[in-house]
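Structure first, then comments.
The numbers here are math on the coordinates, done by the rules we state, and not lab data. In this text, all values refer to a predicted model and were calculated from it rather than measured experimentally. Backbone-built Cβ (ideal geometry, glycine too); neighbour counts: all protein chains shown.
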Amino acid sequence: MRNISSEDFLKTYLKPAKPIILEDFVALESPAFSKWNYDYFKEIAGNHNVNIYGSEIESLDRVASKPVGQSTFSEYLDLITSSPTEHRLFLFNLLSIKPELKNDIHYNDVTNGKIIKWLPFMFFGGEGSITRNHVDIDMSHVFITQFQGVKRIWLFPWEQSDLLYKLPYNFHSITNIKEPDFKEFPGLKYIYGYEAVIKPGETLYIPSGWWHYIQYETEGYSVSIRALPSSWLEKWRGFKNLVLIRHFDNLMRNLFKEKWFDFKVRKAKRKANRAIKRQKSFQI
């Protein structure tokens with residue numbers, strides 16, 4: 001959608017928590033579209049060391065997976081442009097290292113001042129790399145703008161957390177929604193959501209609390225910017241996640257190791273089974 005007013009966006013999408021692709025959230029005349037490219041990034045930050053992350057499927061009991069290696073930023077960019085790879089960057093924010101780059105992005109702020117312009121995040125990934133199905137820990141609204149390459153993103157509302165087998169005290173699902181095992185996780189038969197493809201210049205609005213599974217269709221990079229949660233319930237969830245839940249989970253994991261993870265998996269399956277029964281009762 002293009003040329004939506006702030007009033008219409010807030011009323012039709014943000015308040016009812018409905019995703020949408022915006023075609024002009026970042027102004028097309030922004031210098032980033034003509035100035036940014038891999039050679040430019042190598043020139044200004046190529047010598048920085050970066051942690052490289054791979055598949056997250058093997059680290060289901062952690063908020064974030066451990067890095068699988070390290071290289072210079074320049075070497076990583078050479079890697080993703082030479083061949084498909086599941087390797088991506090996480091928590092390497094070029095916009096923090098080179099804050100002057102923030103001036104290269106001009107926003108058409110349809111949120112009427114709610115977005116936090118001074119706190120953008122940048123993400124890089126190779127063709128085929130994924131980010132597991134998760135909700136953002138702070139429960140913010142998120143606007144993801146693609147600058148290079150193509151991303152495919154699957155979205156599911158918060159209300160489907162149980163059917164998605166949300167891992168208790170964590171913020172991701174234990175299921176693989178791309179290759180679902182319906183026998184092991186029958187709740188996946190009942191989920192519904194959206195599938196979005198974003199290309200350079202397009203921005204996907206992800207409402208607070210919505211699940212998102214991200215796949216890089218090609219190598220590329222994007223910038224996300226946040227807006228604080230709208231309701232007091234969402235704000236409380238975000239505060240609780242950041243201040244209480246994640247620290248409690250880390251403590252219990254350190255104390256009980258695999259037993260704690262096994263307990264959470266059993267609890268996720270029990271909650272999913274109850275959600276399945278509710279779904280079946282609605283269909284009668």
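When the criteria are applied in full, Val197 meets the requirement of being closer than 23 Å to Gly128 by Cβ, aliphatic (A, V, I, L, M) and surrounded by fewer than 17 Cβ atoms within 10 Å (Cβ to Cβ). The set of residues in the stretch 130-145 that are of a type outside the set (Ser, Thr, Tyr) and either in contact with a His (Cβ under 9 Å, 6 or more places away or on another chain) or surrounded by fewer than 22 Cβ atoms within 10 Å (Cβ to Cβ) (or both) comprises Ile130, Arg132, Asn133, His134, Val135, Asp136, Ile137, Asp138, Val142, Ile144. For the stretch 163-173, filtering for residues that are within 22 Å of Leu242 (Cβ to Cβ) and not in a strand (DSSP E or B) leaves 6. Checked across the stretch 63-81, the condition of being aliphatic (A, V, I, L, M), more than 22 Å from the chain's Cα centre (by Cα) and either farther than 20 Å from His212 by Cβ or exposed (fewer than 14 other Cβ atoms within 10 Å of the Cβ) (or both) holds for at least one residue. Just one of the numbered conditions (1) surrounded by fewer than 15 Cβ atoms within 10 Å (Cβ to Cβ); (2) at positive phi is not true of Tyr165: (1). Of the helices (runs of 4 or more DSSP H) entirely within the stretch 183-284, those holding at least 1 residues that are in contact (Cβ under 8 Å) with a residue 12 or more places away in the chain, small (Gly, Ala, Ser) and touching a Phe, Trp or Tyr at 6+ places or on another chain (Cβ under 6 Å) occupy 258-283. Whenever a residue of the stretch 15-29 is farther than 18 Å from Ser230 by Cβ and in contact (Cβ under 8 Å) with a residue 60 or more places away in the chain, its partners that are basic (Lys, Arg) and surrounded by fewer than 18 Cβ atoms within 10 Å (Cβ to Cβ), lying with C-beta atoms within less than 7 angstrom and at least six residues away or across chains, give the pairs Glu23/Arg2; Asp24/Arg2. Of all residues in the stretch 82-95, exactly one satisfies the criterion of being crowded, with 17+ Cβ neighbours inside 10 Å and among the polar types (S, T, N, Q), namely Thr85.
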